[in-house]
Amino acid sequence: MNINKYSLITKKYSNTFYYSTLIFPKEVRDKVFVLYSFVRTIDNLMDSKKPDIAKFNDLRSSFEKAWKGEPVNNKLVVDFVSVAKSNNFSKKWIDDFFDAQILSAKKKTYNDFDDLKKNIYGVAGVIGLFMSKIIGLPKKVYKNAVLLGESMQIINCMRDIVEDYKMGRIYIPVEDLEKFGLSVDNFLNKKNRNKLKEVINFQLQRAFKFGEKASLSFSYFDKRNLLAVKTSFDLYCFIGKKILKDPEIIFQRKKIKPGLLFILLTFFKNFFNIYFLGRK
């Protein structure tokens, strides 16, 4: 496996995830870089105004062949299947991920949170399941692993509201927009900014609640893996709290992300808490 290539892909698309992944032990880190590169490659095909359905179908077809043990030319697919099989990923989880990508490309709005949850489970919740397998967590924590992935995804959705809208996608449930006197046609209007702030706050509180519940399973992690996961989650929470403090920043052209200094401070804070204070 060309792990250096996969680490560069991760760094290119997510500093937050890249630096957090570096904390894992090497045997975990390498698998996570492969996992991220695979899901990011698929996401790049589908997360655009004009999703590349043909390439997506080709990649999924290559995956299906590789899963059956048939030869394929796509090295990333081969490496992902190797990681998936060696860590006993459920084929259904992978299918759920593929299906959610199709759903995201075709569905513009979601009626309520249960409707939206089908999407965020497939694109992010299953990543929590994959990570649980790679880290070697017990089955009893899988549900919370899903919640952790979904928590991060909701924060992503709030950060990318404007970008997603330009691609014809709205990841705030219609029911929640209406609760605050908004609609899919007017929620980004400047005159509705105060109402939008309220609905964003509502979504972020849901994300934080998911994360808080997920953290109840941190006691099942060993220290090194917990340090990586906790740091990653804290960095996502930083993004969420920054939006909560000033929702106007979602309209800036520059994507919100933590700087390297903050990443290092978060790492050392968690290192001290986990290794010296025993806080999980």
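Descriptive notes on the structure:
- Residue within segment 108-126 that is at pLDDT 95 or above, within 21 Å of residue 24 (Cβ to Cβ), touching a helix residue (DSSP H, G or I) at 6+ places or on another chain (Cβ under 6 Å) and hydrophobic (A, V, I, L, M, F, W, C) present: yes
- Checking each residue in segment 99-136 for being assigned to a loop (DSSP other than H, G, I, E, B) and either of a type in the set (Lys, Arg) or closer than 17 Å to residue 35 by Cα (or both) picks out 107, 108, 136.
- When residue 48 is tested against the conditions (1) open to solvent by less than 50 Å² (accessible area, probe 1.4 Å); (2) in a helix (DSSP H, G or I); (3) among the polar types (S, T, N, Q), the lone failure is (2).
- Where a residue in segment 221-250 is outside any helix (DSSP H, G or I) and its partner, wherever it lies, is open to solvent by 50 Å² or more (accessible area, probe 1.4 Å), with Cβ under 8 Å and at least six apart: 221/280
- Which listed residue, of 193, 253, 224, 206, is closer than 18 Å to residue 144 by Cα and surrounded by fewer than 18 Cβ atoms within 10 Å (Cβ to Cβ): 206
- Per the listing 55, 11, the residue uniquely under 28 Å from residue 223 (Cβ atoms), open to solvent by 70 Å² or more (accessible area, probe 1.4 Å), in a helix (DSSP H, G or I) and basic (Lys, Arg) is 11.
- Residue within segment 170-179 that is part of a helix (DSSP H, G or I), open to solvent by 80 Å² or more (accessible area, probe 1.4 Å) and either over 30 Å from residue 102 (Cα atoms) or touching a residue at least 60 places away in the same chain (Cβ under 8 Å) (or both) present: yes
- Pick from segment 84-120, criterion open to solvent by 60 Å² or more (accessible area, probe 1.4 Å) and under 17 Å from the mean Cα position of the chain (by Cα), ranking: nearest to residue 44 (Cα to Cα): 99
The values are calculated or read from the model by the stated rules, or taken from the named source; none is laboratory data. Everything quoted here is computed from the prediction, not taken from an experiment. Note that we place each Cβ from the backbone using ideal geometry, even for glycine, and neighbour counts take in every protein chain shown. With ligands, DNA and RNA removed, areas are computed over all heavy atoms of the protein, side chains included. Shrake-Rupley method; radii C 1.70, N 1.55, O 1.52, S 1.80 Å.
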